[in-house]
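The values are calculated or read from the model by the stated rules, or taken from the named source; none is laboratory data. Values in this document were obtained by computation on a predicted structure and should not be read as measured data. Cβ placement follows ideal geometry from the backbone for every residue including glycine, while neighbour counts extend to all protein chains displayed. What goes into the accessible areas is simple: the full protein's heavy atoms, side chains included, and nothing from ligands, DNA or RNA. Shrake-Rupley method; radii C 1.70, N 1.55, O 1.52, S 1.80 Å.
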Amino acid sequence: MGTWRRLLLFGGASLRGCGGACVPLGGGRVLVWGRQFSGAESETLKQRRTQIMSRGLPKQKPIDGVKQVIVVASGKGGVGKSTTAVNLALALSANDSSKAVGLLDVDVYGPSIPKMMNLKGDPELSQSNLMRPLMNYGIACMSMGFLIEETAPIVWRGLMVMSAIEKLLRQVDWGQLDYLVVDMPPGTGDVQLSVSQNIPISGAVIISTPQDIALMDAHKGAEMFRKVHVPVLGLVQNMSVFQCPKCKHKTHIFGADGARRLARTLDLDILGDIPLHLNIREASDTGQPIVFSQPESDEAKAYLRIATEVVRRLPPPPE
């Protein structure tokens, strides 16, 4: 029997309460061993596992010229993560015009930043052969969407995606930035781990709607960042309430205060609530984010307050 097959069949397989029973699998029988470990043995195994897991992990290296990295993430797609990332970047700049802000889209399969920031074109190369970000509304932006046709699907396996992420992290000339907002893809997979392990991250912002299904995945997303030692700054409750533009009646379409309950469970703060509003969607679709196009609106002010809360919770930037 080959090594991989032995590992798959016998490597740590166990069934609770089965001792040394034989379990049929695919026409054959697999001997399943059960063993109780003492506390000391369990702790030794845990330390050994930690040592093995730490081997080969890349050493974190800061992005040249970037003081602080803020990742915007969710465990689930369709909760308004990219819209929040764009408006958060604009709000950080609006709150303090002396701060230089960048926006990095690492959602390789579904890049949204080019459309939301009304940007097209190929990035120019610097003298050191690094890609220069495209600029709009005072924000430096980089996305895989600048490197492919708008309607072209990216049909890549994991290694190609990781190579693209490495290029987006290391082969961009950001100049000098105070904040780099990173729009993460949904989920808790390779891209999230690669970004978290390769660069120092000042904090993560978790986006969720109040819906139970979204909250389950947001919980996983927050726990993932904690496992890789990334500070979670707090949760944003998106699409929190819908107000009828005619009668002004408020409806909690996705439920009420679900993210607040999750925040209490995780011992985290709620950074703010964003309503479900037609203006936010229309502004994003036309490439004129609401913080830029309607800065005096209640919706824009909600993003500005969230940006203030994010900065308040960031650790001091490195010298």
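Tell me, what % of the accessible area of the range 81-220 is carbon and sulfur with a 1.4 angstrom probe?
Roughly 51 percent, rounded to a whole number.
Arrange the peptides 149-162, 118-131, 271-284 so that the one whose residues have, on average, the most other Cβ atoms within 10 Å appears first.
So the order, starting with the most tightly packed, is 271-284, 118-131, 149-162.
Residues of the range 280-319 with amide nitrogen under 17 Å from the 7 Å Cα-to-Cβ point of K120?
In the range 280-319, the label zone of K120 (backbone N under 17 Å from the point 7 Å along Cα→Cβ) covers 285-288.
For the range 109-161, just say rounded, prolate or oblate: build the C-alpha gyration tensor, square-root its eigenvalues into a ≥ b ≥ c, call rounded for a/c under 1.5, and beyond that prolate if a/b exceeds b/c, oblate if not.
oblate
How high is the FRET efficiency between K59 and R264 when r is their beta carbon distance and R₀ equals 41 Å, given to the nearest 0.05?
Details: r = 36 Å, r/R0 = 0.87.
The computed FRET efficiency comes out at 0.70.
Can you compute the modelled spin-label distance between K99 and D212, with each label point 7 Å from Cα toward Cβ, in nm?
It works out to 3.8 nm between the two label points.
Along the Cα→Cβ direction, 7 angstrom out, place labels at D298 and Q243. What is the inter-label distance in nm?
For D298 paired with Q243, the spin-label model returns 0.1 nm.
Looking at the range 269-315 from every direction and averaging, what is the projected area of its Cα convex hull in nm²?
3.6 nm²
Please give the FRET efficiency for H229 paired with D257, using the beta carbon to beta carbon distance and R0 = 25 Å, rounded to the nearest 0.05. Present the calculation step by step, with values, prior to reporting the outcome.
Working: r = 29 Å, r/R0 = 1.17.
So the FRET efficiency works out to roughly 0.30.
Just need log10 I(q)/I(0) for the range 57-175 at q = 0.11, 0.21 Å⁻¹, Debye formula, equal scatterers on the alpha-carbon atoms, no solvent, rounded to two decimals.
-0.37, -1.45
Starting from the Cα-Cα distance between Q171 and M135, subtract it from 0.36 nm times their residue separation and give me the gain in nm to one decimal.
11.3 nm is the gain from fully extending Q171 to M135.
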